[in-house]
Amino acid sequence: MINVLLLEKSKQHFASLEKMLAQQTNRQYQIRWCGSFCEDIFANRYFDVILVVENQNNDTSLTIIKQIVNLELPIPIILISSLEDTAFDDRAMQAGATDSIPFSELSSALLDRSIRHAIGRRNTEAKLSFLATHDQLTGLANRYLFYEHLTRSISIAKRQQSTFGLLFMDLDKFKDINDSLGHDIGDMLLIEVANRIREAVRVTDVVARIGGDEFTLLLDDTKNKKELALIAKKIQNAIEPMIKIRQHELFVTTSIGIAYFPECGLEPQTLMKSADIALYKAKEFGRNKFHFYTNDLNEQARLKLELERSLRRAMIKGEFEVYFQPQVNASDHRISGVEALLRWNHPTIGLVAPSDFIPILEELGLMVVVEQWVISEVCNIAKKLTDKFGRIRFAINISGSHFKLGNLKQSIYMALQDSSLNANYLELELTEDIMIEHVEKNNHILNELSDIGISIALDDFGKGYSSLSYLKNFPANILKIDKSFIDNILTDGKESAIVEAMIDLSHKLGIQVVAEGVEDIKQANFLTEKNCDFIQGYYFAKPMSVNHLQKYLDKNLSHFKQKAKRKKYTTEPSRIVINHH
Ligand SMILES: [Mg+2]
């Protein structure tokens with residue numbers, strides 16, 4: 001059924017047009033007449049096409065056409081006129097008519113064809129405009145359309161002195177899902193999330209997907225922050241329940257940043273930026289949190305951005321440096337190995353501690369690249385120093401990102417090949433939490449690396465789950481006891497008993513033990529007594545540059561050479577002190 005509206009002052013042509021349309025047996029037309037134009041005509045009725053009949057007064061019909069166009073209704077308009085004047089036709093088209101037919105040429109077939117073409121064109125236009133303004137995956141508004149709505153909301157709120165809210169959402173750890181399950185699953189997840197957001201809000205609220213896993217929501221007429229907080233919570237609750245995609249049962253959470261007009265910005269860009277900054281802050285508090293924008297956030301975000309920029313520059317300009325902290329044999333304090341530690345020489349701040357920049361490297365996705373650089377740098381240095389000083393183990397800390405996002409095996413093989421370093425001199429330090437994820441896959445990688453002679457150390461043992469039974473499944477040959485345990489071995493009987501048990505059990509499993517964070521001789525002696533294999537800590541040496549490491553190695557090893565020459569046996573191990581600051 002095609003609904004036709006006839007706009008004509010007198011009902012003069014209604015009957016003849018109705019008859020013409022009735023002759024078309026392929027289609028069913030229903031025609032209604034209206035004597036004058038007003039908005040109310042469209043209130044309760046839908047029309048597919050509007051016929052405007054020109055009543056000897058050209059300008060009146062053109063005015064009516066313009067009025068209809070101004071309503072922004074997606075209905076095509078056909079002008080039927082008594083004039084056979086192409087100039088007038090052009091004016092009608094410019095005003096917004098889709099077609100113009102003179103009465104003299106009018107026939108049932110022509111009218112039918114003109115209507116069909118007009119509707120077809122309207123449909124194509126609507127489709128194109130939908131594509132240009134909507135996200136193709138989820139059908140939500142896109143960034144462009146969202147900005148249009150936002151601009152409109154701002155001007156209405158300014159006029160009415162009202163307020164409204166803007167929510168900026170992104171899924172927590174969405175990248176992990178995409179990386180591990182593939183983009184197909186990721187896309188299906190986004191569609192479901194989009195549906196859940198849409199269902200959680202009013203039909204009139206504008207929801208948009210503005211990129212990857214980023215969604216925005218415009219909430220007109222929100223009265224206060226409490227109301228916005230409730231909506232944010234409602235959306236989080238809607239997304240939280242399990243989403244089943246194929247055989248995968250996925251649980252996703254959302255972080256939300258909230259900005260509101262006019263406090264957080266008067267322009268679309270500033271409001272969006274405020275909501276984005278608030279989102280950033282929400283993420284800092286962990287998953288599934290929402291946060292309101294406040295002015296001091298802007299300053300924090302600026303500092304963080306600056307740090308990000310500097311880190312990217314640090315990569316390019318070579319501001320990273322590897323420091324080395326020696327490990328010694330517990331029995332005689334001869335150097336046995338070093339742990340490589342990343343440092344950042346900031347051109348103005350100076351040396352930056354890893355805890356201040358490594359989390360940001362992880363967040364920026366730069367961790368793998370930096371770590372690849374560390375691996376190759378350490379292998380090159382290790383090659384030079386082991387050629388000169390003999391066997392020393394060089395330990396490198398490996399992040400979880402390298403397992404997840406990089407190709408650890410390839411990074412290691414390439415560095416070994418380029419440097420010609422003997423794999424026996426290399427050690428990788430990993431923390432438990434890395435190994436708990438994807439146990440089988442990661443163990444497989446580590447077994448392969450272990451097979452070519454690389455040592456695997458379980459780092460920071462005592463900080464996390466510290467499950468001793470876990471050790472038997474983990475392909476490690478070295479266990480590093482965390483400083484937090486060592487701190488109390490002399491004062492806390494229970495902790496010293498645990499350390500002793502750790503050492504014993506490790507030895508039974510064929511694993512050697514390194515004690516970290518040893519700060520005085522008493523701790524060192526206690527550990528030696530309990531058969532700990534290696535000791536690392538400030539008592540022996542702080543982390544040092546490669547130049548200082550050379551001097552340290554010179555002194556430490558020549559001491560043992562001389563001792564061997566004298567063939568004198570001393571029971572008291574000697575500490576090598578070197579000033580490197
Ligand atoms: Mg370590």
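Points worth noting:
- No other residue among S355, S401 is modelled with pLDDT under 90, of a type in the set (S, T, Y) and within 14 Å of the ligand (Cβ to nearest atom) apart from S355.
- Of residues in region 409-433 being surrounded by 18 or more Cβ atoms within 10 Å (Cβ to Cβ) and within 16 Å of the ligand (Cβ to nearest atom), the one nearest to K383 (Cα to Cα): L426
- Test: residue in region 65-75 that is assigned to a loop (DSSP other than H, G, I, E, B), of a type in the set (V, I, T) and surrounded by 11 or more Cβ atoms within 10 Å (Cβ to Cβ): yes
- Test: residue in region 452-475 that is basic (K, R) and either surrounded by 21 or more Cβ atoms within 10 Å (Cβ to Cβ) or outside the structural domain of L426 (by TED's automatic domain parsing) (or both): no
- Picking from residues in region 526-545 that are more than 17 Å from S484 (Cβ to Cβ) and surrounded by fewer than 17 Cβ atoms within 10 Å (Cβ to Cβ), the one that is farthest from the ligand (Cβ to nearest atom) is E529.
- Criterion: closer than 20 Å to Y144 by Cβ and out of contact with any strand residue (DSSP E or B) (no Cβ under 9 Å at 6 or more places or on another chain) - qualifying residue of E214, E267: E267
- Whichever residue in region 384-398 is within 16 Å of the ligand (Cβ to nearest atom) and more than 26 Å from the chain's Cα centre (by Cα) and, among such residues, is nearest to A301 (Cα to Cα): I396
- Region 435-474, residues that are on the phi < 0 side of the Ramachandran plot, at pLDDT 85 or above and in a loop (DSSP other than H, G, I, E, B): I452, I454
- Strands (runs of 3 or more DSSP E) fully within region 167-245 counting 2 or more residues that are more than 21 Å from the chain's Cα centre (by Cα) and exposed (fewer than 14 other Cβ atoms within 10 Å of the Cβ): none
- Test: residue in region 370-383 that is in a helix (DSSP H, G or I), within 16 Å of the ligand (Cβ to nearest atom) and in contact with a His (Cβ under 7 Å, 6 or more places away or on another chain): yes
- Those residues of region 482-525 which are buried (at least 19 other Cβ atoms within 10 Å of the Cβ), free of Cβ contacts under 8 Å to residues at least 60 places away in the same chain and either of a type outside the set (D, E) or farther than 16 Å from Y539 by Cα (or both), in sequence order: F485, I486, I489, V499, M502, I503, S506, I511, V513, V518, Q523
- Any pair with Cβ under 6 angstrom, 6 or more apart, that starts in region 207-235 at a residue that is in the same structural domain as L150 (by TED's automatic domain parsing) and ends at one that is part of a loop (DSSP other than H, G, I, E, B): V207/L140; A208/L140; R209/D135; R209/T138; R209/L140; L219/D205; L228/T222
- When residues of region 313-331 are limited to those that are surrounded by fewer than 21 Cβ atoms within 10 Å (Cβ to Cβ) and within 17 Å of E516 (Cα to Cα), the one farthest from the ligand (Cβ to nearest atom): S331
The values are calculated or read from the model by the stated rules, or taken from the named source; none is laboratory data. Everything quoted here is computed from the prediction, not taken from an experiment. Counting neighbours? That spans all protein chains shown, and the Cβs are built from the backbone with ideal geometry, glycine included.
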